[in-house]
Every structure is written in C-alpha cells, then in structure tokens.
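Asker: Structure incoming, see below.
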Amino acid sequence: MMALETRNLVKRFGGFTATHDVSLSIRQGARHALIGPNGAGKTTLINLFTGVFAPTSGQIFLDGEDITALPAHARVARGLSRTFQINQLFADFTPLDSMMLAIGERKGHGRRFWQPLAADREVAEEAVTTLERFRLADVMSEETRLLPYGKQRLLEIALAIAARPKVLLLDEPAAGVPEEEREEVLGIVRALPEDVTVVLIEHDMDLVFSFADRISVLAAGALFAEGSVEEISRDPQVKAIYLGEDA
Amino acid sequence: MTDHQAHALRLLTAKHRWRVWEIALWLAAIAAIFLLPSQLLILTEIVILALFAVSLDLILGYAGIVSLGHTAFFGLGAYAAGILARDYVAEPVTGLVFAGLVSGLFGLATSFLVLRGSDLTRLMTTFGVAMLLAELGNQAAWLTGGADGLSGISMTPILGLFEFDLWGRNGYIYCLVVLIVLTFVARHITNSPFGLSLMAIKRNPRRAAMLGISPKRRIVTVYAVSAAYAGMAGALLAQTTNFVSPDVLAFHRSADVLLVLVIGGAGYLYGGIFGAIIFTMLRDWLSVATPQYWMFWIGLILVAIVMIGRERLTGWPALLAARLKSRTGEAAR
Amino acid sequence: MLTILFDGIAYGMLLFILACGLSITLGLMNFVNLAHGAFAMAGGYVTVVLMNRYGIPFYLCLPAAFIATAVIGAALEVTLYRRLYRASHLDQVLFSIGLVFMAIAAADYFMGGQQQLINLPPELRGRLDVFGIGIGRSRLFIIVICAILAVALQLALTRTRFGSQLRAAVDDGRVARGLGINVSTIFVLTFALGSGLAGLGGALGADMLGLDPNFPLKFLIYFMIVVTVGGTSSITGPFIAALLLGIADVAGKYYLPQAGAFIIYAVMILVLILRPNGLFTREGGR
C-alpha cells in the first residue's frame with residue numbers, strides 16, 4: 001500500500017491552474033523529493049495534501065484512505081504532518097510550551113481543562129526528550145522569537161515530529177538557515193526514523209541527491225518526470241528545465 | 001530524572017504558582033471590608049465589572065475573539081436572576097447558578113456564530129445578537145418590565161444565612177467571594193492543556209491546525225464558559241441592586257467592558273480586575289468634574305489608548321510578568 | 001401598499017448614500033470605521049444650524065453639509081485614521097467607538113439632547129397624488145438625488161482615472177506607489193468623499209430619520225447591515241442590500257409594529273450565518 005497517493009489532483013485559483021492533474025504515489029518509508037523551479041506548484045501541492053486548500057478536483061489518499069474531504073486537523077490525527085517553508089511558530093511561547101502543546105494534542109489531552117500543565121508528567125517527559133533530541137533543551141525557557149533562526153527551524157521540525165507522523169512533509173527545511181547552523185538542521189533531517197515516510201521539497205540539489213531515494217519533478221503545476229536519483233539526474237529534459245537553469 | 005526534566009517541571013510548576021501580587025490584591029480586597037466600610041457599594045460595582053471583564057478576557061485575551069455584544073450575556077444573566085428572584089426563588093446563590101446556566105447555554109447556542117468568517121463578521125453577529133436581545137427585553141414587557149426595568153425583586157438571605165444589609169457589606173463579601181472563586185477557576189482553565197491550546201489558536205491558527213487541534217470545539221467551550229461568567233456578573237448586579245434596568249443590554253456596556261479590559265491589558269486574567277478598578281475610579285472622578293459628559297471622556301480615553309498604542313500603555317502588567325518570570329525562572333534553575 | 005413600497009425605496013436609497021462611504025473604507029481600505037454615523041450626524045447638524053440660525057435655504061445647505069463633513073473627514077484621516085490602516089481590527093473598533101462617544105457627547109453639549117426639526121421648503125412638503133398613490137414630495141426628492149449620486153458614484157469608481165487609481169492603491173499599495181500613484185492622497189480623497197456623502201445623507205435624511213445626539217449609534221446597525229449583507233466587493237451589492245433593508249424596515253414597522261427592529265436583526269444574523277461574506281459577493285477567487 002502507498003503511504004500517500006494522489007489521483008488526478010487539480011487546483012485552480014480563479015483562472016490560474018496551480019496544480020495540473022497530478023497523480024503521485026509515495027511508498028511506505030520512502031525518502032521522496034519534490035523538485036521543480038520556483039512557481040512549479042510544490043508548496044501548493046503540500047497545501048493540498050495537508051488540507052490548507054481543498055482541491056478543485058481529484059483525490060488524496062493516506063494509507064489507502066480517502067482524506068480529500070477531511071479538515072487539516074483530522075489529517076494530522078491520521079498521521080500526516082508538515083513543516084512550513086516560512087516558520088509558523090508561536091512567537092511568545094517557549095519551546096517547552098510549544099512541545100507540551102504538540103505532544104499533549106497528539107495524546108488527546110488538549111481537552112483537559114482542569115489539569116495544570118505541570119501535572120501532565122508523561123507529556124512533560126516526552127517534551128523534554130524531544131527537545132533534547134533536537135538540541136533545544138538548553139533554550140527551552142526562552143521565548144521562541146528570541147531564538148537564533150536555526151533553532152527556530154529545529155523547533156519547526158520538532159513540532160511536526162511531535163505528532164508522530166506516518167508521513168512527514170518537509171517544505172525546504174534548510175531554507176534561510178545560516179551556514180554555521182545548517183549542518184545541525186540537516187543532521188536532524190537525515191536522522192529521522194526510517195519507518196516515517198518523508199516528502200522533501202528542496203532547492204539544494206546536493207541535499208536532494210544525498211537524501212532522497214526517489215524524485216518527482218514538477219513544472220508549471222504538472223508532474224513532469226519521476227524516477228530514482230540516478231534516472232532523474234541523467235534525464236536531459238529535467239536538466240533542461242531545472243538543472244540547466246541552476247547550473 | 002535528568003536535569004533537563006527537573007528544570008522543565010520547575011518551569012511548568014512556576015506558571016501555576018500564585019504570585020505575590022495576586023495574593024496582595026486579594027488580601028487588599030478583603031481588607032477593604034474593614035478599612036473602607038463607607039465605600040462598599042462602589043467596591044461592589046467594581047467587583048461586578050471586574051468579573052464581567054474577566055469573562056471577556058477569556059474570549060478576547062485567550063481565544064482572540066473580538067465581541068461587540070458581550071453584554072448580551074451579562075444582561076441575559078441579570079434578567080434571568082431578576083425574574084427567578086421575583087417570581088420563584090429569591091435565594092441569591094440559586095439565582096447565580098441559574099443565571100450562569102442560562103447565559104452559558106445561550107453562549108453555547110450562539111457560539112457557532114463566532115466560528116466562521118472574519119473579525120468583521122464576528123463583530124456584526126455579536127453586536128446583532130446583543131441588539132436582538134435588547135429588542136426582545138424591550139418588547140416582552142410582561143416578563144421584563146420593558147423600558148421601566150424589572151423591579152419587585154427582594155432577595156432572601158444568602159444561603160439562608162447572610163442578609164443583604166443597607167451598607168452593602170454582605171453584598172460586597174458575596175460578590176467578592178464569587179469573583180475570587182471564578183477567577184481561581186479561570187486561572188485553572190487557562191493554565192491547563194486546554195488553555196494552552198486556546199492561546200495557540202489565537203496566535204497561529206494554521207500551525208495549531210497542523211498540530212491536530214480542531215479549533216471549533218475549543219472555541220465553543222470557552223465561549224460558553226465566558227458567557228456563563230458574564231451571566232453570573234449580571235446576576236450579581238441584579239441581586240445587589242434589586243433591579244434590572246434595560247440598560248444592561250445597551251451597546252455602551254459592551255463598549256465599556258472592552259475599554260475596561262483594554263485599560264488593564266488582555267490575556268492574563270487580572271487585566272479585567274485592574275481595569276475595573278481604574279475605570280470605576282476614573283468615572284467617579286470625571287463625573288464629579290463634569291457629570292454629563294462622562295461619555296466624551298470615555299471616548300477620548302479610547303482614542304488616546306489606541307493612538308498611543310495599547311502595548312505601550314498596558315505594557316506594565318507584561319513587564320511585571322516578565323520580571324517575575326525571570327525571577328521565578330532564576331529560582332527554578 | 002405602494003406608498004409603503006415607495007417610502008421603503010426612499011429610505012433604502014438614503015441608507016445607501018449614508019452607508020456607501022463605509023462600504024468603501026471597510027471594503028477597499030479594510031478599516032472598521034464604526035464612527036461613520038458620526039459624519040452623517042455632523043451633516044445633519046450643519047444643515048440644522050445653517051437653516052434655523054442663519055436662514056440659509058435647504059438646497060444650499062445640502063452641498064454645505066457635504067463639504068463640511070468631507071473637510072472634517074479629511075482632517076481626521078490625515079491626523080488619526082491614517083495611522084491605523086494597518087492596526088488590528090480591535091484597535092480600529094476601540095478607536096472608532098471612542099470617536100462615536102466623543103461625537104455624541106459633543107452634539108449633546110452644543111445642540112442639546114432633543115430631536116432637531118428642520119423646515120423643509122414648501123415645495124417639498126405634502127404629497128403628490130399619482131394614479132391614486134400617495135407620494136411624499138420629500139421622499140421623491142430623496143430618491144431623485146440619491147439615484148443621481150449612486151449612478152455618479154458607480155461611474156466614478158469604474159470609469160474614471162481616480163477610480164482605477166483607487167483600486168490599484170487598495171490592491172497593492174507598494175506597486176501603486178511604484179507606478180507613481182500618490183496613495184495617501186487617494187486615501188484622503190476617498191475618505192473625504194465617503195464622509196461627505198454620509199454628511200449629505202444626514203442632511204437629506206434629517207427630516208425622515210430624525211436627528212438627535214444618539215444618531216450615530218442608532219443607525220450604526222443599519223449601516224453595518226448594508227455593508228455586511230451587501231458585501232464590499234462592489235457598490236451594487238450594498239445598493240441592493242440598502243433597498244431591501246429600507247423596504248423591509250418600513251414594511252415591518254407598518255405591518256408588524258410590535259416586532260420592532262427584531263426582524264431586521266434576525267435577518268442580518270441569518271444572512272451572516274449563511275453567507276459570511278455577504279449576499280452579493282462572488283465566491284471563489286482567492
């Protein structure tokens with residue numbers, strides 16, 4: 001069974017077609033990269049997967065289940081999680097608060113209105129473990145907006161991981177991260193658990209080629225090519241529309 | 001337990017700990033019974049307004065819902081308590097609970113109106129609901145007394161034990177106890193995982209959804225709780241004054257309570273209480289100077305607050321909180 | 001029956017002229033200006049003072065009311081409103097409520113709390129009898145003036161350079177600035193126009209709607225209904241909404257006086273539930 005699958009997905013904004021008849025299959029445990037020039041519709045596709053937009057037509061399946069009509073939060077509960085290209089964090093929360101929130105919600109504790117946060121030991125312990133894993137434990141009491149960008153980026157990923165997703169969508173995880181903090185972020189991405197299916201949007205071809213086992217190329221909203229790293233890197237047409245432009 | 005875990009637990013516990021200034025505030029309020037016996041009527045007014053503002057803070061400060069008609073719940077509670085006392089049971093605590101239930105249910109029923117649409121739609125629907133109730137209250141004169149107001153209320157002693165006295169002593173104590181209990185409850189709610197999720201929804205709804213939070217139920221819940229609080233504040237007014245004026249549903253009350261909360265600062269519960277103290281004192285002072293034109297001053301204050309910037313003006317509680325936070329943070333280390 | 005319809009249309013037209021400025025500030029400039037009614041009230045009082053104290057004829061008072069409120073509007077835009085275009089809706093609400101309260105208190109102070117009466121010129125008093133339908137002359141006058149204004153406004157917004165500049169400034173201020181459009185001048189002029197129209201509406205309607213210091217709050221809900229129900233993407237929506245509201249309100253008061261304004265509020269809430277973006281907006285797009 002495929003972890004994530006789309007059938008004839010179309011999204012139009014007024015007269016503009018951002019996603020053009022995309023049928024995509026991503027198998028369980030894959031490291032799947034989505035590449036394509038700017039404006040190719042990569043982020044739109046992620047937004048369709050996660051329910052930010054409803055598609056104009058077509059279907060989306062998660063683990064074989066049709067999730068096209070589900071709202072965003074219900075998709076998260078079924079194991080689909082994402083990071084954003086531009087950090088979407090709670091600026092005045094501390095990393096500890098953010099993790100308490102993310103993990104508490106996964107465990108369904110978010111409706112408990114009579115329990116002090118501190119009394120939720122199992123969530124607190126997992127929050128700290130996750131913060132340690134993402135090298136955020138030392139700054140867990142700082143306000144998020146005061147953290148260095150690389151740390152904020154790590155928190156962005158940590159929040160997505162806290163949902164214990166089956167499928168994780170990473171929208172340019174290393175974008176905007178200063179060189180000296182970059183390795184830290186990439187290390188975390190590479191060390192993601194193997195059973196998690198990862199879909200990666202990325203412009204950095206070195207990262208794509210070293211990380212992905214399969215690549216889909218998008219151009220003008222449509223699926224242009226798909227194959228292994230080998231095949232894609234040798235495909236002359238891909239080079240022409242994408243790599244050529246970069247090189 | 002690792003060092004990090006111990007640190008995290010200390011941080012989380014510190015959030016919930018009673019601060020010195022909170023305790024001082026409540027002690028001062030209690031001391032007022034003995035120190036300011038001649039001011040108890042106005043203090044009662046402050047306490048009721050404070051409770052009303054705390055209820056608005058729950059939806060505005062925590063869930064980010066701007067309401068132009070919060071007095072709908074206040075007025076409904078006042079009428080519910082008034083009618084219950086006039087026609088059926090005149091015991092105050094029963095009336096308080098009844099008013100809370102009526103307003104809470106009405107809040108639950110109308111909460112779906114604030115789920116959809118933009119700030120503007122919310123403004124309009126909350127405003128519309130309040131106007132609708134005001135119109136109803138005005139038309140149903142057989143029940144509410146219409147434009148003359150609801151009179152003929154005479155409350156029996158609180159729990160059958162404490163009679164409302166002429167000096168307003170027991171009335172003040174009664175209202176203060178209600179405020180303390182309800183603030184304590186609100187404090188508990190806002191420090192819970194539920195409270196944290198509300199703050200998350202207000203700050204970044206997109207991310208909140210991506211953490212699997214369904215905002216609807218959370219907002220419905222807090223809206224109903226807030227409505228119940230406002231209803232109880234209304235009940236206190238009806239019970240301590242033995243009268244319900246149709247003015248409880250008037251637009252200016254919704255505006256006043258917004259101003260109260262804005263003066264004190266939204267989003268930390270006590271803003272409503274500090275705001276109510278400042279607002280009532282200002283009103284007393286200004287209406288002695290120019291009795292008729294209180295409305296002008298209130299308008300001027302609103303304009304001034306916005307032009308100067310709410311953050312800058314009401315930064316003091318945040319500053320205080322930050323200072324205390326860093327202190328407790330250090331203590332926690 | 002037809003008289004009621006006619007009165008309703010006059011009332012609706014008047015509401016449109018009063019509210020269309022709000023529709024512009026709200027829809028195009030995204031500013032929640034709850035103080036819009038205060039401008040209408042100002043126009044009404046200008047007329048009352050000019051007519052009753054200085055004996056200036058009604059027809060001259062109308063343009064005077066327009067100009068006076070437009071100037072007030074422009075002054076307030078430059079000094080205060082301008083700084084709040086990007087503020088949160090809560091700030092805009094607090095600010096404009098503050099203005100309303102100040103305006104009410106000021107009107108009370110200078111003019112007193114009583115209803116103001118104006119003496120319409122004799123040719124506008126009484127009724128015409130057309131095919132057995134009683135038509136109030138003043139109502140007819142209102143309809144004619146408002147219809148002319150509505151058409152002119154529609155043309156101004158869609159056909160003139162000013163209209164296209166305004167739409168550009170609203171769509172993307174930075175781009176418009178890059179194109180050499182003076183965005184802040186456009187906004188002042190637009191705001192002044194909206195306020196002026198409200199003032200003119202207040203002057204025209206002083207007789208029909210009544211005029212006392214509570215005017216801005218009393219009619220706020222009507223303006224807001226026109227704008228929210230009509231949507232803010234064009235001025236046709238508010239126009240239709242204003243007509244419907246006017247007819248419904250007049251008919252409601254005539255046939256079901258005991259229901260009061262109840263029906264109007266209920267309908268508004270219903271519309272907002274079903275179509276949160278207004279009845280006459282095209283959905284879709286972005």
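The values are calculated or read from the model by the stated rules, or taken from the named source; none is laboratory data. Please read all numbers here as calculations on a predicted model, not as lab measurements. Positions of Cβ are backbone-derived with ideal geometry, glycine not excepted, and every protein chain shown enters the neighbour counts. We work out accessible area using only protein heavy atoms, side chains counted, and drop any ligands, DNA or RNA first. Shrake-Rupley method; radii C 1.70, N 1.55, O 1.52, S 1.80 Å.
Asker: Find, among the trypsin sites (Lys or Arg not before Pro) in region A:178-229, those assigned to loop by DSSP (not H, G, I, E, B) with at most 14 other beta-carbon atoms within 10 angstrom.
Answerer: Answer by residue number: there is no such site.
Asker: Which peptide among C:39-49, C:109-119 comes first, and what is the full order, when sorted by highest mean count of other Cβ atoms within 10 Å?
Answerer: C:39-49, C:109-119
Asker: With every protein chain left in place, what is the accessible area of C:K253 in Å² (1.4 Å probe, nearest 10)?
Answerer: Result for C:K253: roughly 110 Å² accessible.
Asker: How many Å³ per residue does the convex hull of the Cα positions in chain C occupy?
Answerer: Taking only Cα atoms, chain C has a hull volume of 144 Å³ per residue.
Asker: Where the accessible area of the protein assembly as shown is counted over protein heavy atoms with a 1.4 Å probe, how much of it, in %, is carbon and sulfur? Provide the component values of the computation, followed by the final result.
Answerer: Working: 22160 of 35970 Å².
Answer for the protein assembly as shown: carbon and sulfur cover 62 percent of the accessible area.
Asker: Evaluate E = 1/(1 + (r/R0)^6) for A:K239 and B:L108, where r is the Cβ-Cβ distance and R0 equals 56 Å; express this FRET efficiency to the nearest 0.05.
Answerer: On the way: r = 61 Å, r/R0 = 1.08.
The computed FRET efficiency comes out at 0.40.
Asker: If you split all Cα-Cα distances of region C:69-154 into 10 Å bins from zero, what percentages do you get per bin, shortest first?
Answerer: 13, 23, 28, 24, 11, 1
Asker: List the pairs from A:K11/A:K42; C:K218/C:K253; A:K107/A:K166; A:K42/A:K107; B:K15/B:K216 whose alpha-carbon separation is above 23 Å, in the order I gave them. If you can, show how the numbers build up before the last one.
Answerer: On the way: A:K11/A:K42 12 Å; C:K218/C:K253 16 Å; A:K107/A:K166 15 Å; A:K42/A:K107 31 Å; B:K15/B:K216 26 Å.
Result: A:K42/A:K107; B:K15/B:K216 exceed 23 Å.
Asker: Okay, moving on. Could you rank A:K107, A:K239 by how accessible they are, 1.4 Å probe, largest area first?
Answerer: A:K239, A:K107
Asker: What number do you get for region C:31-95 when its Cα radius of gyration is normalised by 2.2 N^0.38 Å, N = residues?
Answerer: For region C:31-95, the normalised Cα radius of gyration is 1.35.
Asker: Measure nothing fancy, just the Cα-based angle from helix C:58-79's long axis to the longest principal axis of chain C, in degrees from 0 to 90, nearest 10.
Answerer: The answer is roughly 30 degrees.
Asker: Antiparallel DSSP bridges in the protein assembly as shown: what percent, to the nearest 5?
Answerer: The antiparallel proportion sits near 60 percent.
Asker: Calculate the spin-label point distance for C:R82 paired with B:D3, positioning each point 7 Å from the Cα along the beta-carbon direction, and give it in nanometres.
Answerer: Roughly 5.6 nm, to one decimal.
Asker: Please report the base-10 log of the normalised intensity I(q)/I(0) for chain B, using a Debye sum with one equal scatterer per alpha carbon and no solvent, at each q in 0.06, 0.07, 0.10, 0.11 (1/Å).
Answerer: -0.21, -0.29, -0.60, -0.73
Asker: Quote the FRET efficiency, to the nearest 0.05, computed for C:H89 versus C:I118 with a Förster distance R0 of 51 Å and r equal to the Cβ-Cβ distance.
Answerer: In this case the efficiency is close to 0.90.
Asker: Give me the three principal axis extents of the protein assembly as shown from the C-alpha atoms, as integers in angstrom, largest value leading.
Answerer: 92, 74, 44
Asker: For a quick check of your reading of the filter: which trypsin sites (Lys or Arg not before Pro) in region C:10-91 sit in a DSSP loop and have no more than 13 other Cβ atoms within 10 Å?
Answerer: When the trypsin sites (Lys or Arg not before Pro) of region C:10-91 are filtered for loop state and at most 13 Cβ neighbours within 10 Å, C:R86 remain.
Asker: So what are region A:162-247's ellipsoid semi-axes, whole angstrom, largest first, if each one is the square root of 5 times an eigenvalue of the alpha-carbon gyration tensor?
Answerer: 24, 16, 12
Asker: Tell me, what is the FRET efficiency for B:F34 and B:M307 to the nearest 0.05, using R0 = 45 angstrom and their Cβ-Cβ distance as r?
Answerer: Numbers: r = 42 Å, r/R0 = 0.92.
That pair, B:F34 with B:M307, gives E of 0.60.
Asker: From the P(r) of region A:142-200, could you give the percentage of C-alpha pairs in the tail past 17 Å?
Answerer: Roughly 36 percent, once rounded to a whole number.
Asker: A further question on this structure: How far is helix B:294-308 tilted off the main Cα axis of chain B, in degrees rounded to 10, range 0 to 90?
Answerer: For B:294-308 against chain B, the angle is about 10 degrees.
Asker: Continuing with the same structure: How much space per residue, in cubic angstrom, does the convex hull of the C-alpha atoms of region B:42-108 take up?
Answerer: Normalising the Cα hull of region B:42-108 by residue number yields 94 Å³.
Asker: Along the Cα→Cβ direction, 7 angstrom out, place labels at B:L25 and A:A77. What is the inter-label distance in nm?
Answerer: That separation, rounded to one decimal, is 3.6 nm.
Asker: Also, quick follow-up: What residues have an amide H closer than 5 Å to that of A:A3, excluding those fewer than 5 places away on the same chain, when H is modeled at 1.01 Å from N in the peptide plane?
Answerer: The answer is A:I26, A:R27, A:Q28.
Asker: Still on this model: Please list, ordered by chain and number, the residues whose modelled amide H lies under 5 Å from the amide H of A:F13; skip anything fewer than 5 residues away on the same chain.
Answerer: Here A:A18 satisfy the definition.
Asker: Ok, one more. Suppose only helical runs count, i.e. DSSP H with n ≥ 4. What mean residue ellipticity at 222 nm does that imply for chain A under -39500 (n - 2.57) per run, divided by all residues and rounded to the nearest 500 deg cm²/dmol?
Answerer: -9500 deg cm²/dmol
Asker: Here's something else I'd like to know. What is the extension gain from B:A289 to B:R17, computed as 0.36 nm multiplied by their sequence separation minus the C-alpha to C-alpha distance, in nm to one decimal? Each step should come with its number before you reach the end.
Answerer: Numbers: separation 272, 0.36 × 272 = 97.92 nm, distance 4.23 nm.
Between B:A289 and B:R17, full extension yields 93.7 nm more.
Asker: Give the percent of DSSP beta bridges with both residues in region A:2-246 that are antiparallel, rounded to the nearest 5.
Answerer: Bridges in region A:2-246 that DSSP calls antiparallel: roughly 55 percent.
Asker: Dimensions of chain A along principal axes (Cα, Å, largest first)?
Answerer: 57, 41, 34
Asker: Rounded to the nearest 100 Å², what is the sum over both chains of accessible area buried where B meets A, with a probe of 1.4 Å?
Answerer: That pair hides around 3900 Å² of surface in total.
Asker: Can I ask one more? Ignoring the sites themselves, what is the longest stretch of chain B with no chymotrypsin sites (Phe, Trp or Tyr not before Pro) in a DSSP loop and at most 13 other beta-carbon atoms within 10 Å?
Answerer: B:168-333
Asker: Report, in cubic angstrom per residue, the convex hull volume of the C-alpha atoms of region A:1-84.
Answerer: Spread over its residues, the Cα hull of region A:1-84 gives 96 Å³ apiece.
Asker: In µm²/s, what is D for region C:144-226 at 10 °C and 1.306 mPa s, where D = kT/(6 pi eta Rh) by Stokes-Einstein and Rh is the Kirkwood radius from Cα pairs?
Answerer: It diffuses with D of about 108 µm²/s by this estimate.
Asker: Distance from the Cα centre of region A:1-45 to that of region B:12-91, in angstrom?
Answerer: For region A:1-45 versus region B:12-91, the Cα centre distance is 53 Å.
Asker: Using 10 Å bins from zero, what percent of all Cα-Cα pairs in region C:114-190 falls into each bin?
Answerer: It works out to 16, 27, 19, 18, 15, 4, 0, in whole percents.
Asker: How large is the Rg to Rh ratio of region B:63-207 when both quantities use alpha carbon positions and Rh follows Kirkwood?
Answerer: On the way: Rg = 18.1 Å, Rh = 17.5 Å.
Ratio of gyration radius to Kirkwood radius: 1.03.
Asker: Which angle from 0 to 90°, rounded to the nearest 10, does the C-alpha axis of helix B:215-241 make with the longest principal axis of chain B?
Answerer: 40
Asker: Given a 10 angstrom Cα cut-off, can you work out which residue in B:R122, B:R207, B:R218 is the most mobile in a GNM of chain B?
Answerer: Evaluated over chain B, the most mobile residue of the options is B:R207.
Asker: What are the semi-axes of the equivalent ellipsoid of region C:145-286, taken as the square roots of 5 times the eigenvalues of the Cα gyration tensor, listed largest first and rounded to whole Å?
Answerer: Over the Cα atoms of region C:145-286, the semi-axes work out to 31, 20, 13 Å.
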